[in-house]
Amino acid sequence: MERGDVASDTIAAVATPPGRGGIGIVRISGPNVPELAEAVLGKLPAARHATLSIARDRQGVPLDQGIALYYAAPHSYTGEDVLEFQGHGGIAVMQAVLAAFVDAGARLAEPGEYTRRAFFNDRLDLAQAEAVADLIDASSREAARSALRSLSGEFSRGIEAIVDALVELRALTEALLDFPEEEIDALHRDDAYRRLERVRVALADILARSRRGSLLREGIHVVIAGRPNVGKSSLLNRLAGEERAIVTPIPGTTRDLVREDIAIEGVPLHVVDTAGLRDTADEVERIGVERAWQELGRADVVIAMFEANTGVRPEDQAILARFESALPAGAARIEVFNKIDLCAEPALVGDAAAIRISAKTGAGMDRLRQALLAAAGWNPGGETVFLARERHLRALERAAAHLEAAAREAARWELFAEELRLAQEALSEITGAFTSDDLLGEIFRRFCIGK
Ligand SMILES: Nc1nc2c(ncn2[C@@H]2O[C@H](COP(=O)(O)OP(=O)(O)OP(=O)(O)O)[C@@H](O)[C@H]2O)c(=O)[nH]1
Ligand SMILES: [Mg+2]
């Protein structure tokens, strides 16, 4: 199917989640909605009028009574004729009503097929379609707000503004191509480079906001590490707000990884507590320590933990030395001194960047939370961010690389123009003006049925 093509069949699905609920909705979309409504409900309701209706099977046996809503094409979610039957939210009732529509000629919808049709009918672009799924999947209010912004087209408009500027610049460059090099005066050249620079700045801004937004989608992977008994598990429990990991005064208590998902100011964090790092003859503990190092190799942020009352000891130094090779290149590190409640002069512990806390009393936790957000690149209360997907980030990065390449092509206008074209193509993938079927399949497959 191409964008702009009209679907020939009518799809049906239960749009509400399976299970018991006050209301359950069966939704059908496609060219045969009027006939199907007549077959199952007796008549097609007036468009956009909530109409009390009875759904019946082929023999005329009543299945459910509810409200029918008809949206005439193109003024509907999919852009096609759409009928929604809001009945009683029971599994058997909903399946019976759905079966009645299928009996009458509808086909069961695939995951995301309604939104797919909306995309093909130009009701939304691809980034907006993705935002529909992201809004449904949003795990925090912050993420939901960002998804809604993308759904309303703010992200797409930002991309399109850059594409428009690129199109203009390409036209200007094509005109330059027709002249011999010596006749292109400095004025035109400067104009082209000034325009390119403006596009690059705008793109860098969207990319930065998208990178921050992608944190909201994926969450930040935080690993707590240090020698035994410094209070790693106590910190995890403090962050989680409940007793998740076992805490005892015995060094070597934690043997396995303990994972907990938390949110700070709406930003999701996947926090992992690990076994205390030391050499040990205990087989179980040794495996635990190995797992801790593996986990450290995947961290976005590492909380390196020490005891405030003892300061950085030689064992701690050895661990820090090994961090250099064990942590991923871009990982941020936060040094945390715990147990300040045991210190007479906590302010003297560690250097200026160190965070001093007590997992026992909760002192210093606010600073640690802020440090976690900052280490992750989150800018609280800052500019609006876009809940970008990995695919968007890759496309934006590709476009930025082509613009950078264009900037290097001083006065080789063919190459300059080609880089602009490639940048435009990368950006167009985001909104779907330029996409492959594989990509569409991949995107819509992850949707729920009925959306
Ligand atoms: N006074 C004080 N004691 C603490 C604090 N945090 C942890 N402790 C105590 O320190 C001991 C070790 O705490 P854990 O949280 O189990 O330490 P851990 O780093 O997870 O230890 P392992 O799992 O063995 O590596 C326990 O007795 C805790 O009660 C703190 O802030 N102040
Ligand atoms: Mg522990």
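No lab work stands behind these numbers, since they all come straight from the coordinates. Remember, it's a predicted structure, so these values are computed and weren't measured experimentally. Counting neighbours? That spans all protein chains shown, and the Cβs are built from the backbone with ideal geometry, glycine included.
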Using alpha-carbon coordinates alone, the radius of gyration and Dmax of segment 140-214 in Å work out to 17.3, 59
Long-range amide H partners of ARG356 with built H, under 5 Å: PHE337
Taking a label point 7 Å from the Cα of GLU110 along Cα-to-Cβ, the residues of segment 407-451 whose backbone nitrogen sits under 18 Å from it are 435-451
Can you compute the modelled spin-label distance between ASP261 and GLU414, with each label point 7 Å from Cα toward Cβ, in nm? 5.3 nm
Kindly state, as a whole number, the per residue volume in cubic angstrom of the convex hull around the alpha carbon atoms of the chain. 203 Å³
Full-extension gain between ARG446 and GLN95, please, as 0.36 nm times their residue separation minus the C-alpha to C-alpha distance. 124.1 nm
List the trypsin sites (Lys or Arg not before Pro) within segment 385-421 that fall in a DSSP loop (any state other than H, G, I, E or B) and whose Cβ has at most 13 other Cβ atoms within 10 Å. ARG412
Share antiparallel - DSSP beta bridges, the chain, percent rounded to 5: 60 percent
Amide hydrogen neighbours beyond the local backbone of ARG107, cut-off 5 Å, H modeled: THR10, ILE11, ALA12
Using the Karplus curve 6.51 cos²θ - 1.76 cosθ + 1.60 with θ = phi - 60°, what ³J(HN,Hα) values do you get for each residue of segment 299-309, in whole Hz, with x for Gly and Pro? 6, 7, 10, 10, 9, 8, 10, 10, 9, 5, 6
Can you give the Rg to Rh ratio of segment 1-136, both from alpha-carbon atoms, with Rh computed by the Kirkwood formula? 0.96
Multiplying the sequence separation of ALA433 and ALA171 by 0.36 nm and subtracting their Cα-Cα distance, what value in nm do you get? 92.4 nm
Ordered by residue, what ³J(HN,Hα) values in Hz, to whole numbers, does segment 148-157 give under the Karplus form 6.51 cos²θ - 1.76 cosθ + 1.60, where θ = phi - 60° and Gly and Pro are x? 5, 4, 5, 4, 6, x, 5, 5, 4, 5
Farthest positive-ward along the chain dipole, Cα basis, beta-carbon charges - from LEU277, ALA208, GLY30: LEU277
Label-point separation in nm, GLU390 to ALA47, each point 7 Å along Cα→Cβ: 4.3 nm
Using amide H atoms built in the peptide plane, which far-off residues or other-chain residues are under 5 Å from LEU63 H to H? ALA55, ARG56, ASP57
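Quick check on the chain: helices-only [θ] at 222 nm, where DSSP H runs of length 4 and up contribute -39,500 (n - 2.57) each and the sum goes over total residues. Nearest 500, please.
Numbers: 14 runs with 204 residues, N = 451.
It comes out at -14500 deg cm²/dmol, rounded to the nearest 500.
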How far is it, in nm, from the label point at ARG157 to the one at ALA353 when both lie 7 Å from their Cα along the line to the Cβ? 4.0 nm
HN-Hα J in Hz across segment 30-36 - Karplus 6.51, -1.76, 1.60, θ = phi - 60°, x for Gly and Pro: x, x, 9, 3, x, 5, 5
